[in-house]
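The values are calculated or read from the model by the stated rules, or taken from the named source; none is laboratory data. Note that the structure is predicted; figures quoted are calculated from it, not measured. Virtual Cβ from ideal backbone geometry, glycine too; neighbours counted across all protein chains shown. Each accessible area value is taken on the protein alone, full model and side chains, heavy atoms only, with ligands, DNA and RNA left out. Shrake-Rupley method; radii C 1.70, N 1.55, O 1.52, S 1.80 Å.
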Number of protein chains: 2
Amino acid sequence: MAATAGPAPEAQASGQHGPARVSFQTAPDRYRHWRIAFDGAVATLTMDVAEDGGLRDGYELKLNSYDLGVDIELYDAVQRLRFEHPEVRAVVITSAKDKVFSAGANIRMLAASPHGWKVNFCKFTNETRNGIEDATASSGQAYLAALNGTASGGGYELALACEYIMLIDDRSAAVSLPELPLLGVLPGTGGLTRVTDKRHVRRDLADYFSTRPEGVGGAKAVAWRLVDEAVPRGAWNETVAARAAEFAARSARPAGAAGIELTPLDKTRAGDTVSYGHVSARLDHAGGVAEITVRGPGQDPQGGAEWIQDSGARFWPLAVARELDDLVLDLRTNEPGLGTWTLRTAGDPARVLAYDRMLLASRDDWLVNEIILYLKRTLRRLDVTSRSLIALIEPGSCFAGSLLELALAADRSYMLAGVFEDAHPDSSPAVIAVAEMNLGALPMGNDLTRLQTRFNGDPDALAAAEKLAGQLVEAGDAERLGLVTFAPDDIDWAEEVRLAVEERSSFSPDALTGMEANYRFAGPETLETKIFGRLSAWQNWIFTRPNAAGPDGALRRYGTGQRAVFDRKRV
Amino acid sequence: MAATAGPAPEAQASGQHGPARVSFQTAPDRYRHWRIAFDGAVATLTMDVAEDGGLRDGYELKLNSYDLGVDIELYDAVQRLRFEHPEVRAVVITSAKDKVFSAGANIRMLAASPHGWKVNFCKFTNETRNGIEDATASSGQAYLAALNGTASGGGYELALACEYIMLIDDRSAAVSLPELPLLGVLPGTGGLTRVTDKRHVRRDLADYFSTRPEGVGGAKAVAWRLVDEAVPRGAWNETVAARAAEFAARSARPAGAAGIELTPLDKTRAGDTVSYGHVSARLDHAGGVAEITVRGPGQDPQGGAEWIQDSGARFWPLAVARELDDLVLDLRTNEPGLGTWTLRTAGDPARVLAYDRMLLASRDDWLVNEIILYLKRTLRRLDVTSRSLIALIEPGSCFAGSLLELALAADRSYMLAGVFEDAHPDSSPAVIAVAEMNLGALPMGNDLTRLQTRFNGDPDALAAAEKLAGQLVEAGDAERLGLVTFAPDDIDWAEEVRLAVEERSSFSPDALTGMEANYRFAGPETLETKIFGRLSAWQNWIFTRPNAAGPDGALRRYGTGQRAVFDRKRV
């Protein structure tokens, strides 16, 4: 890793806990693995992975294989395209390597990584690909994969996240999912689910395809729906340009709008506290707890879309989404020992609701739309985070509208009934508020609102909660309506909360992860929940099995010239 | 285990491969753990587990805890109630133990079992509970849980499979899911999914409930929807009887019908061949393959519902369903080394279609309804079987209607184009036939037909296939229509099939299991697919983790007086 480029300085700092902390903050001028080029309404993201640019030592990123560092840059690029480039209506992803699009996740990196790293790596790459699909579906930025050479494994899975896949037709280029035959694992980034549920490849053809390390190219790849178009080399450039122009022409992105810059986050770490402008976390390593606080807006909103545009990255909802997003990624990656996150808010609930109303009123504006979508994605990141989430609703908090979603995302919530009689006898009791923002603008991955998921199968309770939209609700009513789990009073609060948090830390972290992954997604499933809930769970299981990760397993033996030794018993 | 009671003799025979083979055949006069009593339209299934009646040595089945042997008897009872007792319209499940309903799966048994045994045990118990729900929903036999004492873990999960749950209200009885706090694993029999998705317990209350080893009883259990009714001890017997009578009164089971006996299966094992009347399997231990053949009916159907009633268990569709069901269970449990199953049929496709037509024409008859439902459940068992399934469609086969489902359930199918020129030059080429039976009577666990799942997202292909209903289709057309995967001719057949089977045996069994579990369930999800696909996958992962199954893990340390030692890192 070069000293002056690549991941942000934070990554170089030696952390207290294990290897260098990973930073998720970067910017195009620091990219080592991607290039962005702009041509009117079309942006081209070119993958050109630096072999010596791995986030950790011990592997070379050959053939556009990638590690977390490569994907952090991709995530950054996808985010900036949305916010900084309203003029971009189609994004072409291609490769700078000759005859290779991407070989997927780096195998030596995977083989050398501990289990938790593999799982978190897959989770983040999945989230980035879901974000690509979200940009296509909701932002008018359609992604096209221009596979100028073979796309294997995660390389093909990146293409699967795009709306349209072009494969060069030169008798050697192919798409493939060689994980099963070569590595004894599954494609880790949604491949199996997207092949059948998005591209509608027939399941028996998908089965055959996923056992062929050499993959499928040309007309057969089109006939089987693995790609949309096979393009002769001679017509490649013009066809890619033509398709990008076609998708761009269908977009509803505005003409003449100016982007806003995603300026560097104002993030500091002092001792055991991580702070941003509106979000902070106290890291209690002894207790295994991160205490997260989100602060509401410091002023009333000053206008509509124009003021938002002028405020840019300082605009409170956008700043909160960015800060929370970064904090979730930071803690997930760098603080696996903090198994419980408490979620608090501080501020004026009426002010949060005022910002929400303004956002919804201006939703036709491209930037406002982007901000709401970003908040949606950040909350979804929380939903799939394998940490116990406990919301603590105290006097002075502002769990209203968009911030109420934090409490609804939590595994449990505690709301103080009354006030802290000794400490702050004159304060006002905590209130929460359901509002229009909770009724559809921020759906979970299962396409339901968090309220709908909470009251899954109980339409009366859902209607009662939704009817309250806009009202400030105190603890007794909130508990009665099922909006919070428990509403202890001052006498019981400290003990009850302490017990809940300490108890959580005493349970098996794995069992908690499994339980939370199930309970958080009550009700129907979607492609996204299938990827995180079904596919990832199977992959995690396989990652733990000696047939993959053992010293003689396929993942560890790949590239050594030795064949894997399998325990042939099925379970 | 007593020599003269309990599991069938097969279980005592010393198998070639590992410990005594488990038999899934039993009958009420051999039950050691359950009693059935009949009172008009109400049957009572009483759990009274014999402590010394474990299927394996090394554990005692205290407090109505259970192992596979206990559940095999339950499965048998549920099946016989459906076929042998048309007069039964409500089934009460209760316990003969004082103040205890059931403590769930036996912990020492789980702790001592290898991973594959745990996984298969959970799968079978899940299938039995799904069968209980199927009897309630489709057979007019409603199951009621009469919890005369505490139901913990699998004990409560058994209750969750019932349509109505009564809990005695005596200040000590409770329902609980203590797996997470006590054992560091998940409830293994659908508990988490049914709590939220069937009983609609709010997810945060479900979270809290699942961390309380002592569970929840009385009015709170009702308010939280964990049970339907808390009944004082004084009113217990009359209330249970009243509720059973109410459910019985709603049933559409016929009056005055006579049941048919599920006679012992005619099963033999000679060398490496397992044979029944219509089903056989050749076990190739060297190749890791089971070659399964299902034979079509030997005669034309001779009449309608009356003839079926007279034929009883000899009636071809019922006999095939029972034999295939037993074979699947036998091979899954006793032959984990046979990772690939080839599926062949032999017989006259027109005759299979004639039986199918007769079944569908008489579907209003309770017995015919039961037979179709049994076939449905048997095919679903195949769908969730962690073996690679390859259908081989050759001349002389009868993959038509109900038996076409075997090919549609397979991961891949190969259909010979033409005939084997050297061996049987005068035979007729193989044909397959879509028929009405494929269009809705045998849905998968995802509530789609296997054709709908196959053509998920491709309505034109689905319509083209469905339009063929009733026609015999040769290989070329079958391949073109997407009904089979490949249609090699005589020259390529042997080599192509051999390669497919041998290659399958060379892959990681775990990766195959994960891939198949994903591809087989393209499209939407249901409670049932969530249990097998999401919940079970997480449970399997947790079962492999040192925090549960390691020497210091919670599952292994339970009952030793020593606390589990956890690696606190989240993944």
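Cut-off 13 Å, label point 7 angstrom out along Cα-to-Cβ of A:GLU229: give me the residues of the stretch A:241-265 whose amide nitrogen falls inside.
A:241-249
Computed on protein heavy atoms with a 1.4 Å probe, what is the summed buried accessible area for the chain pair A and B, in Å² to the nearest 100?
Chains A and B together bury approximately 8400 Å².
Determine the equivalent ellipsoid of the stretch B:186-250 by diagonalising the alpha-carbon gyration tensor, then write out the semi-axes as square roots of 5 times the eigenvalues, largest first, rounded to whole Å.
Numbers: eigenvalues 128, 46, 21 Å².
For the stretch B:186-250, the ellipsoid semi-axes come out as 25, 15, 10 Å.
With axes computed from alpha carbons, what is the tilt in degrees of helix A:115-138 against the longest principal axis of chain A, rounded to the nearest 10 within 0 to 90?
Helix A:115-138 and the main axis of chain A meet at about 90 degrees.
What residues have an amide H closer than 5 Å to that of A:ALA142, excluding those fewer than 5 places away on the same chain, when H is modeled at 1.01 Å from N in the peptide plane?
A:ALA90, A:VAL91
What net charge do the residues around B:VAL294 carry, taking every other residue with its C-beta under 9 Å from that of B:VAL294, with Lys and Arg at +1 and Asp and Glu at -1? Intermediate values should be presented prior to the final figure.
Values: positive: B:ARG295, B:ARG344; negative: B:GLU323.
Cβ neighbours under 9 Å give a net charge of +1.
For B:ALA255, go 7 angstrom from Cα along the Cα-to-Cβ vector, then report the distances to that same point in the other copies in nm, smallest first.
Nearest to farthest, the other copies are at 7.8 nm.
Tell me, how many Å apart are the Cα centres for the stretch B:249-319 and for the stretch A:396-421?
59 Å
To the nearest 0.05, what FRET efficiency results for A:LYS198 and B:ASP272 with a Förster distance of 41 Å applied to their C-beta separation? Can you show the working numbers first?
On the way: r = 43 Å, r/R0 = 1.05.
It comes to 0.40.
Any chance you could list the semi-axes, whole Å, largest first, of the equivalent ellipsoid that the Cα gyration tensor gives for chain A, using √(5λ)?
They are 40, 28, 22 Å, listed largest first.
Enumerate by residue number the GluC sites (Glu not before Pro) in the stretch A:48-134 meeting two conditions: DSSP loop (anything except H, G, I, E, B), and at most 16 other Cβ atoms within 10 Å of the site's Cβ.
Working: sites: A:GLU51, A:GLU60, A:GLU73, A:GLU84, A:GLU87, A:GLU127, A:GLU133; in loops: A:GLU51, A:GLU60, A:GLU87.
Filter output for the stretch A:48-134: A:GLU51, A:GLU60.
Lys and Arg at +1, Asp and Glu at -1: add these up for the other residues within a Cβ distance under 14 Å of B:ARG250 and post the number.
For residues surrounding B:ARG250, the net value is +1.
The stretch B:161-300: Rg/Rh from Cα coordinates, Kirkwood Rh?
Value, to two decimals: 1.18.
Along Cα→Cβ, 7 Å out, is where each label goes; now give me the distance between the ones at B:ASP29 and B:GLU60 in nm to one decimal.
For the pair B:ASP29/B:GLU60, the computed spacing is 3.2 nm.
Once every DSSP H run of n ≥ 4 in the protein assembly as shown is given -39500 (n - 2.57) and the sum is divided by its residues, what mean residue ellipticity at 222 nm do you get, rounded to the nearest 500 deg cm²/dmol? Walk me through the numbers on the way to the answer.
Details: 43 runs with 434 residues, N = 1142.
Mean residue ellipticity at 222 nm (helix-derived): -11000 deg cm²/dmol.
Rounded to the nearest Å, what's the spacing between the alpha carbon centres of the stretch A:488-542 and the stretch A:119-177? Just the number, please.
30 Å
Give, as a single signed number, the net charge of other residues whose beta carbon lies under 10 Å from the beta carbon of A:ASP67, with Lys and Arg counted +1 and Asp and Glu -1.
+1
Report the gain in length on full extension from A:HIS115 to A:SER172: 0.36 nm times residue separation, minus Cα-Cα distance, nm rounded to one decimal.
Here the segment from A:HIS115 to A:SER172 would lengthen by 17.1 nm.
Provide, for q = 0.32 Å⁻¹, the log10 of I(q)/I(0) from a solvent-free Debye sum over equal Cα point scatterers in the stretch A:138-186.
Treating every Cα as an identical point scatterer, log10 I(q)/I(0) equals -1.14.
Running Debye on the stretch B:338-483 with equal point scatterers at the Cα sites and no solvent, what base-10 log of I(q)/I(0) appears at q = 0.19 Å⁻¹?
Log-scaled intensity ratios, in q order: -1.20.
Ranked highest first by the average count of other Cβ atoms within 10 Å around their residues, in what order do B:22-28, A:396-402, B:465-471 fall?
Peptide ranking by packing, descending: A:396-402, B:22-28, B:465-471.
Can you give the average number of partner chain beta-carbon atoms within 10 Å of each beta-carbon in peptide B:147-160, as a whole number?
Details: counts 0, 0, 0, 0, 0, 0, 0, 0, 0, 0, 0, 0, 0, 0.
Whole-number average of other-chain Cβ neighbours for B:147-160 is 0.
Mind checking the mean number of beta-carbon atoms from other chains within 10 Å of the Cβ atoms in A:525-537?
For peptide A:525-537, the averaged partner shielding equals 5.
By how many degrees, 0 to 90 and rounded to 10, does the Cα axis of helix A:490-506 deviate from the longest principal axis of chain A?
20 degrees
Per-residue Cβ counts within 10 Å, from other chains only, averaged over A:500-508: what number is that?
5
In nm, what does the list of distances from A:ARG363 to its counterparts in the other copies look like, shortest first, when each label sits 7 Å along Cα to Cβ?
Spacings between copies for this position, smallest first, are 4.2 nm.
To the nearest 10 degrees, how steep is helix B:349-361 against the longest Cα principal axis of chain B, on a 0 to 90 scale?
With rounding to tens, the tilt is 40 degrees.
For the stretch A:152-225, take the alpha-carbon Rg, divide it by the Kirkwood Rh, and send me Rg/Rh.
Ratio of gyration radius to Kirkwood radius for the stretch A:152-225: 0.91.
If the chain between A:ASP552 and A:ALA137 were fully stretched, how many nm would it gain, using 0.36 nm times the residue separation less the Cα-Cα distance?
145.1 nm
How high is the relative contact order of chain B, given as a whole-number percent (alpha carbon pairs under 8 Å, six or more residues apart)?
Working: 1111 pairs, mean separation 64.7, N = 571.
Relative contact order for chain B comes out at 11 percent.
Give me the Debye-computed log₁₀ of I(q)/I(0) at q = 0.04, 0.06, 0.08, 0.09 Å⁻¹ for the protein assembly as shown, equal point scatterers on Cα only, no solvent, two decimals.
Taken in order of the listed q values, log10 I(q)/I(0) reads -0.21, -0.49, -0.89, -1.13.
Show me, for the stretch A:102-107, the HN-Hα J-couplings you get by feeding each phi into the Karplus relation (A = 6.51, B = -1.76, C = 1.60, θ = phi - 60°), rounded to Hz, glycine and proline as x.
Karplus-based 3J(HN,Hα) across the stretch A:102-107 equals 6, 8, x, 4, 5, 6 Hz.
So which trypsin sites (Lys or Arg not before Pro) in the stretch A:233-273 pass both tests, a DSSP loop state and at most 12 other Cβ atoms within 10 Å of the Cβ?
A:ARG250
Hey, for B:GLY298 with labels 7 Å out along Cα-Cβ, what do the inter-copy distances come to in nm, ordered shortest first?
Spacings between copies for this position, smallest first, are 8.9 nm.
What does DSSP give for the protein assembly as shown in terms of the percent of beta bridges that are antiparallel, rounded to the nearest 5?
30 percent
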